[in-house]
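The values are calculated or read from the model by the stated rules, or taken from the named source; none is laboratory data. Since the structure is predicted, the reported quantities are computational estimates derived from the model, not experimental observations. Counting neighbours? That spans all protein chains shown, and the Cβs are built from the backbone with ideal geometry, glycine included. Just the protein is used for accessible areas: all its heavy atoms, side chains included, with ligands, DNA and RNA removed. Shrake-Rupley method; radii C 1.70, N 1.55, O 1.52, S 1.80 Å.
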Amino acid sequence: MKRLANWATKLGAGVGALCLVSCASTSTNMTITKQPFGQADAKPVELYTLRNSKGAEARIMNYGGIVQYLSVPDRNGKFDDVVLGYDNVDGYIKVTPYFGALIGRYGNRIGGAKFTLEGKTYTLATNNGPNSLHGGLKGFDKVVWNVVKATGNTLELQYTSKDGEEGFPGNLNVTALYTLTEDNALRVDFKAATDKATVVNLTQHSYFNLAGQGKGDILGHEVYINSDKTTPVDKELITTGAYASVEGTPFHFRKPTAIGARIDDPDQQLQYGPGYDHNWVINKPAGQLGLQARVHDPKTGRFLEVWSDQPGLQFYAGNFLDGTITGKGGVVYQKRTGFCMEPQHYPDSPNKPNFPSVVLRPGQTYKNTIIYKFSVK
C-alpha cells in the first residue's frame with residue numbers, strides 16, 4: 001500500500017531444494033513442504049507450501065509471514081497464481097510495497113507518528129512523511145518469524161515485539177495461524193498479548209489479481225463492500241475522525257461495481273488517493289465474523305470473498321504501483337495491477353477517541369480472523 005519512504009536494504013540468498021516438513025492430516029492426506037528461500041537479518045528464510053486436496057496451493061514465508069504464491073482455479077479449472085510478489089526474498093527486502101505481508105504492530109497510518117495512552121505520549125518511527133505507516137521502519141513485515149507448527153494444512157508463526165520497538169510500548173507476543181481450507185480459503189487467525197498497555201491493529205496485505213498475477217490491470221474486477229460509510233481522510237491520508245455516507249459517491253459499493261468505473265472521479269477523497277485507498281465501516285456487530293467484501297473477475301469467473309471480525313476494511317487499488325517494480329516471472333507491475341482488501345481497525349484510531357478502541361492491556365487477548373475465500377462462477 002501506498003507512499004513509502006523507507007525500505008530495508010539487506011540482501012538474502014537464493015532458493016534451494018525442497019524438503020519434507022510434516023506428515024499430512026488424516027482429513028486431507030496432504031503434506032507441508034519447505035524450501036530455503038534466502039536470508040534476512042542473518043537468519044534463514046524458508047518458504048512453506050500448503051496444499052489442499054482440490055489442488056489449491058499457498059506458499060508462505062517465515063519472513064514477514066508473506067504469502068508469496070497463491071494458486072486457485074478459474075471457471076474452467078485452470079490454476080493461476082493470484083497474488084503479486086517476487087521470485088526470491090531479495091525483492092521483498094530491497095523494495096516492496098508490503099506484498100503479501102503480515103502487518104503490525106499497527107496496520108495503516110498513525111498521524112504525526114504519535115499517540116497518548118494512559119497519560120503518556122509515545123513517539124513512533126516515521127516512514128510515511130511525518131506519519132507512521134504499517135508499524136514503522138521495521139514492522140512485522142520485515143522480521144523473521146518463528147515457526148511454531150507446520151502440519152496438515154496449517155502454518156503457525158510467532159513473533160515477540162519488544163517494549164519500545166518502533167516506539168510502541170509493551171512486550172507484545174503475537175501468533176499468526178495460516179490455514180488453507182478444503183473449500184479454497186486462505187485463513188489467518190491472529191492472537192496477541194502484552195505485558196503493558198499498548199495499541200494493536202494487525203492485518204494481511206496481499207495484492208490480488210483474480211485474472212492471475214501479471215495478467216493486466218484490475219479495473220474490470222467488480223467489487224461489493226458491505227458498508228454504508230467510510231472514514232474520510234485529509235491530504236496525507238490521515239482519517240479526520242468523521243464518518244461519511246457512501247450514498248451518491250464513488251465509494252458506494254453496495255451494488256457490485258467495476259473498480260475502474262469511478263476510480264478517476266474528481267471527488268476530493270479519491271484525488272487524495274489518488275484512487276481507492278480508504279477505510280470502509282463494515283455493517284456488522286463488533287467482533288462478529290461476517291462478510292466484508294466480494295470481488296469478481298468476469299474474465300476468469302473467479303470470486304474472492306473477504307470475511308473478518310474486524311470493524312473496518314481498507315480497500316486499496318494499487319495506485320502507487322508505477323512500473324518500477326519487476327515481480328514474479330519478470331513481470332513489470334504497472335499502476336493498478338493488484339488490489340488489497342485489508343480487514344482492520346480504523347486508521348489513526350489511537351488519536352481518534354470516537355473510533356473503536358485499539359488498546360490492549362495485560363490480561364487481555366487480541367484476536368483477529370481474516371478469511372480470503374475463493375470460488376468460481
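Here the chain is assigned +1 on the Cβ of each Lys and Arg and -1 on the Cβ of each Asp and Glu. Its dipole about the Cα centre then comes out at about 260 debye. Inter-part distance, the range 158-222 to the range 73-132, computed on C-alpha centroids, equals 9 Å. Per-residue SASA remark: Arg361, around 100 Å² accessible (1.4 Å probe; ligands, DNA and RNA not included). Classify the range 175-258 as rounded, prolate or oblate, taking a ≥ b ≥ c as the square roots of the eigenvalues of its Cα gyration tensor: rounded when a/c is under 1.5, otherwise prolate if a/b is larger than b/c and oblate if not. Verdict is oblate for the range 175-258. Amide H contacts for Gly290 (H built 1.01 Å from N in the peptide plane; partners 5 or more residues away or on another chain; cut-off under 5 Å): Ser308, Asp309.
Which whole-number percentage describes the relative contact order of the range 167-311, with Cα contacts under 8 Å and a sequence gap of 6 or more?
21 percent
As a check on your grasp of the helix formula, calculate [θ] at 222 nm for the chain: sum -39500 (n - 2.57) over DSSP H runs of n ≥ 4, divide by the residue count, round to the nearest 500. Taking each H run of at least 4 residues, the total per residue is -500 deg cm²/dmol.
Under 5 Å between amide hydrogens, built in the peptide plane, is the criterion, and for Phe79 it picks out Asp74 among residues at least 5 positions away or on other chains.
Just the number, please: carbon plus sulfur as a percent of the accessible area of the chain, 1.4 Å probe, no ligands or DNA/RNA counted. About 51 percent, which is the carbon plus sulfur part of the accessible surface. A 1.4 Å probe run over the protein chains yields, for the chain, 37 Å² of accessible area per residue, whole-number rounding.
Taken one residue at a time, the phi angles of the range 85-94 give Karplus couplings (6.51, -1.76, 1.60, θ = phi - 60°) of x, 10, 7, 8, 5, 4, x, 5, 7, 6 Hz. Gly and Pro are set to x.
The packing ranking of peptides 311-318, 69-76, highest mean first, is 311-318, 69-76, where packing means the average number of other beta carbon atoms within 10 angstrom of each residue.
Note on the range 90-182: dipole from Cβ charges, positive end direction compared against Tyr106, Trp145, Leu117; the farthest Cα belongs to Leu117.
How large is the charge dipole for the range 45-98, taken about the Cα centre, if only the Cβ atoms of Lys, Arg (+1) and Asp, Glu (-1) carry charge, to the nearest 20 debye?
Rounded to the nearest 20 debye, it is 200 debye.
If you take every DSSP beta bridge whose two residues both sit in the chain, what share of them, in percent to the nearest 5, is antiparallel? Restricted to the chain, the bridges split so that about 100 percent are antiparallel. The dipole here belongs to the range 255-377: it is taken about the Cα centre, uses +1 on the Cβ of Lys and Arg and -1 on the Cβ of Asp and Glu, and is about 440 debye. To the nearest 10, the accessible area of Asp322 is 100 Å² with a 1.4 Å probe. With contacts taken as Cα pairs under 8 Å at a separation of at least 6 residues, the chain carries a relative contact order of 17 percent. Go through Lys149/Lys215; Lys138/Lys367; Lys299/Lys328; Lys120/Lys196 and tell me which ones have a Cα-Cα distance over 24 Å in this structure. Going by Cα-Cα distance, Lys149/Lys215 fall outside the 24 Å limit.
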